[in-house]
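What follows is a single structure, written as structure tokens, with notes after it.
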Amino acid sequence: MRNPFKPTAGARPPLLVGRTDALEGFREGLEDGSGSPGLLTIFTGPRGIGKTVMLSAAEDLAREHGWIVISETATRGLMVRLAEAMIAHRDELGDGPPNRRITAFIAAGFGLTTELPPEHQVAWRELATDLLRVLDTHATGLLITIDEIHAVDRGDLLELAAVIQHLIREDLPISLLMAGIPKAVSDLLNEDVSTFLRRADRIDLGDVLLSDVRAALARTFIDTGISLTDTQLTRAAAATEGYPFLIQLVGHQVWRRAVDGALTDEAVDAGIVAARNRLGTTVLQASLADLSDVDRAFLAKMAGNDGPVALALIADQLGRTKKYAGVYRRRLIDAGVIVDAGWGLIDFAVPHLRAYLRAKNE
Ligand SMILES: Nc1ncnc2c1ncn2[C@@H]1O[C@H](COP(=O)(O)OP(=O)(O)OP(=O)(O)O)[C@@H](O)[C@H]1O
Ligand SMILES: [Mg+2]
């Protein structure tokens with residue numbers, strides 16, 4: 001039997017733990033149709049919390065309701081790819097011949113639609129309207145998901161927002177779900193570009209309840225023919241700290257240590273240790289790799305403290321001004337590595353980063 005756990009970014013977990021509420025608004029939106037608030041939602045949260053997986057879960061739900069899904073990431077050329085996907089769907093569904101004019105300019109490979117003359121931008125809107133009308137007559141709709149929205153080209157966002165707003169105004173069945181790092185998303189929404197997107201529902205994903213983790217682990221192990229004692233289950237669940245990426249890592253590492261459908265206490269403990277190490281070499285190392293030397297020095301100082309720490313103290317320890325430290329504070333918040341803990345305090349966004357840095361500095 002194959003290991004059911006999926007400790008990989010974006011991979012669908014065997015069970016989506018503790019996210020029923022977060023999906024409820026969208027589920028209602030699918031029933032209620034155009035204009036329902038849950039159809040325009042932004043999921044935010046730190047690395048590894050399950051943003052991409054939430055989008056996938058919403059996509060599955062949409063498909064179950066017969067909706068068409070376009071799944072995208074906010075990288076260069078987003079609008080062109082969206083338009084291409086829409087054309088493909090419309091040609092598949094619609095009766096009329098494909099609109100050559102639109103196809104032509106997209107095929108010609110204009111990378112930035114924002115640089116296109118206004119008549120082409122109108123074409124984009126007409127294309128979307130056409131497709132949505134067809135879907136509406138079939139009593140379905142279109143879901144567009146955009147991951148890593150914080151990295152979006154501002155021109156693309158402006159254009160996309162205008163189109164979506166138009167479709168909603170026309171009472172057409174459109175849904176736009178986005179996901180990104182909290183602080184960067186807030187900044188994005190505070191810019192002038194997106195008065196419309198500011199009205200989107202915002203769901204901040206956090207750690208999940210240990211009781212839910214325990215139940216999910218129990219089921220996944222039982223379903224794959226492995227039995228754990230109550231104590232083993234409790235210990236494994238506690239080790240995840242409710243952090244979704246760690247749920248998969250702990251599950252994966254414990255599962256592979258089972259022999260003949262059972263686990264010794266030692267095997268469970270070894271699995272937990274291995275999972276923690278993996279967290280270090282995957283999520284944590286990856287988030288550190290993107291950072292500068294000063295960023296890392298800043299984090300190393302933070303790791304010397306047991307909980308949230310004052311920026312002023314870090315500045316002091318770095319031998320720099322508070323203003324200088326403030327620049328790095330901002331950079332690290334934008335990167336989703338640390339969070340503003342209020343009252344001039346900052347803290348790590350992802351559990352274990354502190355412990356990992358300490359272990360590394362030793
Ligand atoms: N609700 C959940 N229950 C169980 N496992 C989950 C849940 N959400 C996510 N996971 C698992 O956690 C890991 C990280 O999920 P995902 O890639 O969606 O996070 P993310 O927030 O998109 O991270 P990043 O910011 O790095 O893109 C994956 O292995 C996924 O299977
Ligand atoms: Mg992701």
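Brief remarks on what is shown
Listed here are the residues, each with its yes/no results for (1) more than 30 Å from Ala262 (Cβ to Cβ); (2) of a type in the set (A, V, I, L, M); (3) touching a Lys or Arg at 6+ places or on another chain (Cβ under 6 Å); (4) surrounded by 17 or more Cβ atoms within 10 Å (Cβ to Cβ).
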| residue | (1), (2), (3), (4) |
| --- | --- |
| Pro4 | no, no, no, yes |
| Arg19 | yes, no, no, yes |
| Leu40 | yes, yes, no, yes |
| Phe43 | yes, no, yes, yes |
| Gly66 | yes, no, no, no |
| Met79 | yes, yes, no, yes |
| Glu92 | yes, no, no, no |
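- Only one of the listed residues (Ala22, Ala58) is away from ligand 1 (no atom under 11 Å from the Cβ) and among the aliphatic types (A, V, I, L, M). That residue is Ala58.
- Being surrounded by 21 or more Cβ atoms within 10 Å (Cβ to Cβ), within 16 Å of ligand 2 (Cβ to nearest atom) and not hydrophobic (A, V, I, L, M, F, W, C) is a property that Gly180 has.
- Scan the range 26-35 for residues that are open to solvent by 20 Å² or more (accessible area, probe 1.4 Å) and either on the phi > 0 side of the Ramachandran plot or modelled with pLDDT under 95 (or both) and the total you get is 4.
- Flag for Leu246 being surrounded by 23 or more Cβ atoms within 10 Å (Cβ to Cβ), modelled with pLDDT of 90 or more and outside any loop (DSSP other than H, G, I, E, B): yes
- For Val185: the one exception among (1) open to solvent by less than 70 Å² (accessible area, probe 1.4 Å); (2) out of contact with any Lys or Arg (no Cβ under 9 Å at 6 or more places or on another chain); (3) in a helix (DSSP H, G or I): (2)
- Criterion: modelled with pLDDT under 95 and within 16 Å of ligand 2 (Cβ to nearest atom) - qualifying residue of Arg90, Arg47, Arg101, Arg81: Arg47
- Among residues of the range 40-53 that are closer than 14 Å to Ile338 by Cα, those with a Cβ under 6 angstrom from a residue that is of a type in the set (D, E, K, R) and near ligand 1 (Cβ under 6 Å from one of its atoms), sequence gap 6+ or separate chain, pair up as Gly45/Lys51.
- When the criteria are applied in full, Asp295 fails the requirement of being touching a helix residue (DSSP H, G or I) at 6+ places or on another chain (Cβ under 8 Å) and outside any helix (DSSP H, G or I).
- There is no residue in the range 297-314 that is aromatic (Phe, Trp, Tyr) and either in contact (Cβ under 8 Å) with a residue 60 or more places away in the chain or in contact with a Pro (Cβ under 6 Å, 6 or more places away or on another chain) (or both).
Per-residue answers, yes or no, for (1) more than 28 Å from Val152 (Cβ to Cβ); (2) in a helix (DSSP H, G or I); (3) aromatic (Phe, Trp, Tyr); (4) open to solvent by 60 Å² or more (accessible area, probe 1.4 Å):
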position: Leu299; (1), (2), (3), (4): no, yes, no, no
position: Met302; (1), (2), (3), (4): yes, yes, no, no
position: Asp306; (1), (2), (3), (4): yes, no, no, yes
position: Leu313; (1), (2), (3), (4): yes, yes, no, yes
position: Arg330; (1), (2), (3), (4): no, yes, no, yes
position: Ile333; (1), (2), (3), (4): no, yes, no, no
position: Gly336; (1), (2), (3), (4): no, no, no, no
position: Asp347; (1), (2), (3), (4): no, no, no, no
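- Hits in the range 32-55 (condition: more than 16 Å from ligand 1 (Cβ to nearest atom) and polar (S, T, N, Q)): Ser34, Ser36
- Boolean, Thr240 is open to solvent by 50 Å² or more (accessible area, probe 1.4 Å), of a type in the set (Ser, Thr, Tyr) and farther than 30 Å from Glu159 by Cα: no
- Within the range 297-315, being over 18 Å from Gly342 (Cβ atoms) and touching a strand residue (DSSP E or B) at 6+ places or on another chain (Cβ under 9 Å) holds for Phe298, Leu299, Lys301, Ala303.
The values are calculated or read from the model by the stated rules, or taken from the named source; none is laboratory data. Remember, it's a predicted structure, so these values are computed and weren't measured experimentally. Neighbour counts run over all protein chains shown; Cβ positions are idealised from the backbone, glycine included. SASA here: full protein model, heavy atoms, side chains in, ligands and nucleic acids out. Shrake-Rupley method; radii C 1.70, N 1.55, O 1.52, S 1.80 Å.
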